[in-house]
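The values are calculated or read from the model by the stated rules, or taken from the named source; none is laboratory data. Note that this is a predicted model, so its numbers are computed, not measured. Don't worry about glycine lacking a Cβ; one is built from the backbone with ideal geometry, like all the others, and counts go over all protein chains shown.
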Amino acid sequence: MRIAPSILAADFAHLADDVDRVASDVEMLHVDVMDGHFVPNISLGVPVVASLRKATDLFLDCHLMIDNPGDMLDAFIDAGADGISVHVELGDPTVLIDRIRARGVRVGLVANPDTPFSAVEPYMSQIDTLLVMSVFPGFGGQSFIPEVLDTVRSARRYIDTSGAAVEIEIDGGINAVTIASAAEAGADILVAGSAVFGADDPGAAVRALSAQAQAAVAPR
């Protein structure tokens with residue numbers, strides 16, 4: 001399991017410094033892109049991803065919460081995204097999946113908290129990552145929705161039964177209280193924003209969260 005700090009919770013005035021504070025403890029950063037239409041907030045865009053790429057070699061996991069991701073795929077990949085995730089709620093993602101795959105980056109599909117696993121199941125053989133939202137996307141610092149763990153468990157059963165090469169990612173409200181249940185349900189990648197960058201020592205926070213997640217699945 002891996003902790004993926006969400007830069008949405010970082011200090012944008014000192015973004016490179018905040019990234020440096022976790023760089024030795026993580027393999028990837030989660031990058032939330034919001035357009036103010038698909039979700040009721042605006043976050044960051046291509047220039048920030050390009051700046052991040054210059055500042056770090058970490059895997060940039062870009063979650064596109066935008067109405068027309070197809071219009072922006074190439075721009076984000078050219079800027080340095082290593083993975084692109086798009087929402088199944090936008091409709092059949094096959095064309096987007098094929099375009100992302102053709103560019104040689106990892107393919108992610110996202111399900112909102114009220115989207116059942118059945119909506120993403122038809123595409124599981126085509127993706128690398130299933131991102132399960134444990135809050136409704138748009139704003140950081142929200143409370144974890146425990147009901148989404150049923151979706152994580154369904155995905156884990158599917159992967160374990162089918163042998164699909166898909167990692168399960170969970171994003172929203174992951175902290176010292178919720179991380180164990182997310183890990184137990186079967187998540188592989190745990191996105192944490194406020195719990196990391198809101199700590200006095202973000203690197204220590206990552207290590208503590210990782211230890212909790214590993215401990216939760218040790219008997220499995």
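So here's what we get for this one:
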item	result
Criterion violated by Asp67 - all others in (1) over 25 Å from Ala195 (Cα atoms); (2) outside any loop (DSSP other than H, G, I, E, B) satisfied	(2)
Flag if Val191 is modelled with pLDDT of 95 or more, in contact with a His (Cβ under 7 Å, 6 or more places away or on another chain) and not in a loop (DSSP other than H, G, I, E, B)	yes
Flag for Ser134 being hydroxyl-bearing (Ser, Thr, Tyr), in contact with a Phe, Trp or Tyr (Cβ under 7 Å, 6 or more places away or on another chain) and within 22 Å of Ala185 (Cβ to Cβ)	yes
Residue among Gly80, Gly108, Gly91 that is more than 22 Å from Arg157 (Cβ to Cβ) and either touching a residue at least 40 places away in the same chain (Cβ under 8 Å) or touching a Leu at 6+ places or on another chain (Cβ under 7 Å) (or both)	Gly80
Filter result for the condition that a residue is more than 16 Å from the chain's Cα centre (by Cα), farther than 25 Å from Gly108 by Cα and surrounded by 24 or more Cβ atoms within 10 Å (Cβ to Cβ), over Ala205, Ala176, Ala218, Ala199	Ala205
Tally of residues being farther than 22 Å from Leu96 by Cα and of a type in the set (Gly, Ala, Ser) across segment 117-165	7
Selection from segment 117-157 of residues that are at pLDDT 95 or above, out of contact with any helix residue (DSSP H, G or I) (no Cβ under 6 Å at 6 or more places or on another chain) and among the aromatic types (Phe, Trp, Tyr)	Tyr123
Pairs with Cβ under 8 Å, 6+ apart, first in segment 29-54 and of a type outside the set (Phe, Trp, Tyr), second part of a strand (DSSP E or B) and at pLDDT below 90	Met34/Ile42; Asp35/Ile42; Gly36/Ile42
Sole residue being in contact (Cβ under 8 Å) with a residue 40 or more places away in the chain, at negative phi and in contact with a Gly (Cβ under 8 Å, 6 or more places away or on another chain), chosen from Ser194, Ser210	Ser194
Qualifying residue in segment 150-164 (condition: assigned to a loop (DSSP other than H, G, I, E, B) and either under 18 Å from His30 (Cβ atoms) or more than 16 Å from the chain's Cα centre (by Cα) (or both))	yes
Residue in segment 90-104 that is basic (Lys, Arg) and within 17 Å of Ile168 (Cα to Cα) present	no
Residue satisfying all of: in segment 35-66; farther than 22 Å from His14 by Cα and of a type in the set (A, V, I, L, M, F, W, C); surrounded by the most Cβ atoms within 10 Å (Cβ to Cβ) among these	Leu64
